[in-house]
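Student: Questions regarding the structure given below will be posed in turn.
Every number in this text was worked out from the coordinates using simple rules, so none of it is lab data. Just so you know, these numbers come straight off a predicted model, no measurement behind them. Glycine gets a Cβ as well: all are built from the backbone with ideal geometry, and neighbour counts include every protein chain shown.
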Amino acid sequence: MRLIKNIVVAGGTHGNERTGVRLVEKWMERPECYSTCCPSAEVELELSNPEAIRLNRRYRDHDLNRAFSQVCLDAQNEPQEYEFRRARDKTDLLLDVHNTGSNMGLCLILSARDPFTMKASAVLAQEFKDVRIYYQPEERSMSPYFGTVAKADVCIEIGPQQHGTLDARLFEETESLVKRYLELADEWNRGELQKRAPIQVEVFTQLRDLGYPKAWSLSPIEAMIHPDLLGRDFCELKKGDKVFRTFDGKDILYEGEADGRTSVWPIFINEPAYYEKDIAMSLTVRSVEEW
Ligand SMILES: [Zn+2]
């Protein structure tokens, strides 16, 4: 069994996602808030992108959470751009706290089928009402995401929360959730978490991203998220359901997938930060598993 000897809790990977920023700042000021949660590991706190935090902006030069592929790391022996300089460390477990404007609840994003992150996330899905598990498999050396520089990681996406702002209820839930991960890491190191009975969980697995309707890639978007779909993250979308509304009031319907699949579960619906990435939502498939 692999022990978790060091854990990084990171906030501010995106500088305007303020829950993680304030959580890490609070714990830096008051270590007693977390220091007894996981005595078997060294817990480090990290403000991932201080310059973007100061600006209260997602990033300065590059999106930090897309800057971590081995290609980026290898290409930058003397990184010029600010965000690349922070991408080098390796750690056993990284908990990276983000916010989203979408109605994602307490979304736990797993990038690999790691035995600890699966078991701990399943326990949290039992304990917290709004937890959702999103599995977004990443080839670790190719992945651009911050968390994948660690041996295991969970990207915690909390929403809906406007970027640049705080939400007291979500802050408190996030703090409880991150503390529980630390306690469960300690339970893992004692060999006890592994002995818990399997837990039935809903898993939403990435299928593909869906862009906004456009004539060509650089032209303006031709439609908005349909009002019937707005806020309905993790709800089933069936062939024939409304997805977009054009600016002259026409509905655009979901047509199903090329492989014949007729329903999907959209998430990150209308996320503001994804307009520049041309992502209107991510489509996932739902499964029920024993973790
Ligand atoms: Zn983020």
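Student: Taking the DSSP beta bridges in the chain as the whole, what percent of them are antiparallel, to the nearest 5? Walk me through the intermediate numbers first.
Tutor: Numbers: 27 of 53 bridges.
Antiparallel bridges: around 50 percent, rounded to the nearest 5.
Student: Follow-up question, since we're still on this one. Once Lys and Arg get +1 and Asp and Glu get -1 on their Cβ, which of 206, 103, 116 lies farthest toward the positive end of the dipole of the stretch 96-221?
Tutor: Of the candidates, 206 comes out farthest on the positive side.
Student: Give the Kirkwood hydrodynamic radius (Å, one decimal) of the stretch 208-284, defined as one over the mean of 1/r across all pairs of different Cα atoms.
Tutor: Answer for the stretch 208-284: a Kirkwood hydrodynamic radius of 12.6 Å.
Student: Something else about it: Which residue, 122, 223, 185, has the most motion in a Gaussian network model of the chain that connects Cα atoms within less than 10 Å?
Tutor: Top of the fluctuation ranking is 223.
Student: Could I ask something else about it? Expressed as an acute angle from 0 to 90° and rounded to the nearest 10, what is the orientation of the C-alpha long axis of helix 115-127 relative to the principal long axis of the chain?
Tutor: Result, in degrees: 70.
Student: Using Cβ contacts closer than 10 Å as the measure, can you line up 175, 222, 290, 17 from fewest to most?
Tutor: Result, fewest neighbours first: 290, 222, 175, 17.
Student: Roughly speaking, what is the centre-to-centre gap between the stretch 1-63 and the stretch 199-240 when only Cα atoms are used, to the nearest Å?
Tutor: 30 Å
Student: Moving to a separate point now. Remind me, relative contact order of the chain in percent, using alpha carbon pairs under 8 angstrom and six or more residues apart?
Tutor: Values: 631 pairs, mean separation 55.5, N = 291.
Averaging sequence separation for qualifying contacts and normalising by length gives 19 percent for the chain.
Student: How far is helix 168-189 tilted off the main Cα axis of the chain, in degrees rounded to 10, range 0 to 90?
Tutor: Result, in degrees: 50.
Student: On to the next question. So for 209, 186, fewest C-beta neighbours within 10 Å to most, what's the order?
Tutor: In order of increasing Cβ crowding within 10 Å: 209, 186.
Student: To the nearest 500 deg cm²/dmol, what mean residue ellipticity at 222 nm is calculated for the chain from DSSP H runs of n ≥ 4 alone, each contributing -39,500 (n - 2.57), summed and divided by the residues?
Tutor: It comes out at -6500 deg cm²/dmol, rounded to the nearest 500.
Student: Which residue, 274, 135, 181, tops the fluctuation ranking in a GNM of the chain built on C-alpha contacts under 10 Å?
Tutor: Top of the fluctuation ranking is 274.
Student: Expressed as an acute angle from 0 to 90° and rounded to the nearest 10, what is the orientation of the C-alpha long axis of helix 18-29 relative to the principal long axis of the chain?
Tutor: The two axes meet at around 10 degrees.
Student: Of the cross-linked pairs 119/179; 26/119; 5/151; 5/90; 129/179, which ones have a Cα-Cα span greater than 19 Å in the structure shown?
Tutor: Correct reply: 26/119.
Student: Next question, about the same structure. Arrange 284, 262, 91, 19 by Cβ neighbour counts within 10 Å, fewest through most, would you?
Tutor: 262, 91, 284, 19
Student: Here's a follow-up. If I model the chain as equal point scatterers sitting on the Cα atoms and use the Debye formula, what is log10 I(q)/I(0) at q = 0.16 Å⁻¹?
Tutor: Scattering profile of the chain, log10 relative to I(0): -1.36.
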